[in-house]
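Take a look at the structure set out below.
Taken together, the values in this text are just the output of simple stated rules run on the coordinates, not laboratory data. Because the structure is a prediction, the values reported are computed rather than measured. Neighbour counts run over all protein chains shown; Cβ positions are idealised from the backbone, glycine included.
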Amino acid sequence: MDTAKREEKIRLWFSMWLRQQDLGIRELFAPDAVYTESWGPQYHGCEAILHWFQEWNTRGTVLEWEIRQFFHKDGQTVVEWYFRNQMQDGRVEAFDGVTLVVWNAAGQIKSLKEFGCNCDTYDPYQNGPMPHFRDEAARWF
């Protein structure tokens, strides 16, 4: 599968979240696909991914999922992005991230792993040689 087709499929996945609508999850993901979110949850199989997608969209709304760039190598694609959502309790979450996609021979997603990075960055050495970290719990992605 050429890189343009891979990018089109990833854009479709992001669009599904922005529209809160399944536009072909069963065609996009292999039946035995594994999806790993940046903060730990993992979904095994296309049906589990579909269930998670439908259930999550009852609790929150993806406000932005902006693709910044793609990288391709053999049967893999990496996409860098910015993500922002709002949950029903009013909490807004935003972070930068990358996704590693492994494709199967049929052009479906076989494996997808997300990695996140806090957008609220700072220089702990700004005021000298000893680090000064913020007094807050670390958010691990």
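Listed values, structure above:
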| quantity | calculated |
| --- | --- |
| Segment Asn104-Ile67, extension gain: residue separation times 0.36 nm, minus the distance between their alpha carbons | 11.1 nm |
| Estimated D of the chain in µm² per second, where Rh is the Kirkwood radius over Cα pairs and Stokes-Einstein applies at 20 °C, 1.002 mPa s | 130 µm²/s |
| Candidates Thr61, Thr99, Thr121, ranked by Gaussian network fluctuation over the chain, Cα under 10 Å, top entry | Thr121 |
| C-alpha center-to-center spacing [region 57-92, region 1-45] in angstrom | 11 Å |
| GNM result for the chain, Cα springs below 10 Å: residue of Met87, Met16, Met130 fluctuating most strongly | Met130 |
| Where GluC sites (Glu not before Pro) fall in DSSP loop in region 46-109, at most 10 other Cβ within 10 Å | none |
| Cα→Cβ-extended label distance, 7 Å offset, between Gln21 and Ala94, nm | 2.6 nm |
| Helix 46-56 vs. the chain, principal-axis angle (Cα, 0 to 90°, nearest 10) | 50 degrees |
| Near-label residues of region 46-64 by backbone N, under 14 Å of a point 7 Å along Cα→Cβ of Ala137 | none |
| Fraction of antiparallel bridges per DSSP, region 3-118 only, in percent to nearest 5 | 90 percent |
| Computed lengthening from Met1 to Trp39, 0.36 nm per intervening residue step minus Cα-Cα distance | 10.7 nm |
| 0 to 90° range, to nearest 10: angle between helix 3-19 axis and the chain longest Cα axis | 70 degrees |
| Candidates Phe115, Phe71, Phe14: whichever shows maximal mean-square fluctuation once the chain is modelled as a Gaussian network with Cα springs under 10 Å | Phe71 |
| Local net charge near Arg59, Cβ-Cβ under 11 Å (Lys/Arg +1, Asp/Glu -1) | -1 |
| Cβ-based net charge around Glu47, under 14 Å, with every Lys or Arg adding one and every Asp or Glu removing one | -3 |
